[in-house]
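I have placed the structure first, in the form of structure tokens, so that the comments after it can refer back to it.
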Amino acid sequence: MESNKQVVKICTHCGNETLMNQIASKINNWDEGYGYYGWDNTILLQCPVCKKMTLIQESYDSAIGSYIDEYGNEKDYIEEIQLYPMLKMNFNNVPKEINNTYNSALRIKNITPEISIIALRKTLELICNNQKAEGKNLESKINDLCKKEIFSSKLKDISKITKKFGNLEAHENIKVNNTELNYLFDFVTYIIEYLYVIPCRINELENKLNDLSKIKNKEKF
């Protein structure tokens, strides 16, 4: 465990690029033999401006190898992932444009929440278009999906709330607190999972059950 180090980072809590203090780190080395080895280093950083914490993970894999930097030096390729605050959601079976717009909103959530909410509204609009909703505006499209029973009454309610907050941020000087912002992200995440992720998982489990059923039938004979 190491501390007292500093690293230049953009704090995704307050948006400042600053020398962040390394509070602690823990490295995990692994070696599977045959020259295949690597390490994962989990690092806790604190922003000197807002005092909030950021958790990142650096990883090295010998199978990936190295690269040549702009000065002609060979460097190990080290992947860095920010674990907290989360900057990206990995959804399965979600259209690329919807996934990208949602993750754009997530990346700026703590830095420019007002723009983040507008991006959430855009995500909702893309979902409606993907579901072939009919209507001249977002509210009429939400109503159309409800009539077609693609949206339940609860999905309709949370969609309209997200839309209205998006409208307020676009046209008025309205501020939302962190709790309200988290609610809005929870709402849109739920819609994405309901429409795209859960059906995919159901299909996977149904295929698994069908495979098991075929195996059992073969064993009978």
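Restricting attention to region 112-139, the residues being among the small types (Gly, Ala, Ser), in a helix (DSSP H, G or I) and at pLDDT 90 or above number 1.
Asn21 - would you say it is touching a Cys at 6+ places or on another chain (Cβ under 9 Å), surrounded by 16 or more Cβ atoms within 10 Å (Cβ to Cβ) and at pLDDT 80 or above?
On the way: touching a Cys at 6+ places or on another chain (Cβ under 9 Å): yes; surrounded by 16 or more Cβ atoms within 10 Å (Cβ to Cβ): yes; at pLDDT 80 or above: yes.
Against the criterion (touching a Cys at 6+ places or on another chain (Cβ under 9 Å), surrounded by 16 or more Cβ atoms within 10 Å (Cβ to Cβ) and at pLDDT 80 or above), Asn21 qualifies.
Starting from residues that are assigned to a loop (DSSP other than H, G, I, E, B) and out of contact with any Cys (no Cβ under 6 Å at 6 or more places or on another chain), keep the ones in region 24-48 and report whichever is nearest to Glu79 (Cα to Cα). Walk me through it before giving the result.
Residues of region 24-48 that are assigned to a loop (DSSP other than H, G, I, E, B), as a first pass: 32-36, 47-48.
Within this subset, residues satisfying the condition of being out of contact with any Cys (no Cβ under 6 Å at 6 or more places or on another chain) are 32-36, 48.
Details: Glu32: 19, Gly33: 21, Tyr34: 22, Gly35: 19, Tyr36: 16, Pro48: 25 Å.
It comes out as Tyr36.
Entry remark, region 29-52: residues being in contact with a Ser or Thr (Cβ under 8 Å, 6 or more places away or on another chain) and free of Cβ contacts under 8 Å to residues at least 40 places away in the same chain number 14 in total.
Taking the listed residues Lys51, Lys109, Lys75, the one that is part of a loop (DSSP other than H, G, I, E, B) and over 20 Å from the mean Cα position of the chain (by Cα) is Lys51, with no other qualifying.
Does Lys26 fit the bill of being within 30 Å of Leu195 (Cα to Cα), of a type in the set (D, E, K, R) and loosely packed, with under 15 Cβ neighbours inside 10 Å? Spelling it out, it is not the case that Lys26 is within 30 Å of Leu195 (Cα to Cα), of a type in the set (D, E, K, R) and loosely packed, with under 15 Cβ neighbours inside 10 Å.
For region 141-161, the candidate set comprises residues that are of a type in the set (Gly, Ala, Ser) and part of a helix (DSSP H, G or I); within that set, the residue that is modelled with the lowest pLDDT is Ser153. Is region 85-104 home to any residue that is touching an Asp or Glu at 6+ places or on another chain (Cβ under 9 Å) and assigned to a strand (DSSP E or B)? Within region 85-104 (the criterion being touching an Asp or Glu at 6+ places or on another chain (Cβ under 9 Å) and assigned to a strand (DSSP E or B)), the answer is no, since none of the residues qualifies.
Look through region 162-179, keep the residues that are surrounded by 14 or more Cβ atoms within 10 Å (Cβ to Cβ) and in a helix (DSSP H, G or I), and return whichever of them is modelled with the lowest pLDDT. By that ranking, first place goes to Glu169. Filtered by the rule that a residue be of a type in the set (Val, Ile, Thr), closer than 29 Å to Asn28 by Cα and either surrounded by 15 or more Cβ atoms within 10 Å (Cβ to Cβ) or free of Cβ contacts under 8 Å to residues at least 24 places away in the same chain (or both), region 53-108 gives Thr54, Ile56, Ile64, Ile68, Ile78.
The values are calculated or read from the model by the stated rules, or taken from the named source; none is laboratory data. As the structure is a computational prediction, the values presented were derived from the model and not from experiment. For neighbour counting, all protein chains shown are included, and Cβ atoms are generated from backbone atoms with ideal geometry for every residue, glycine included.
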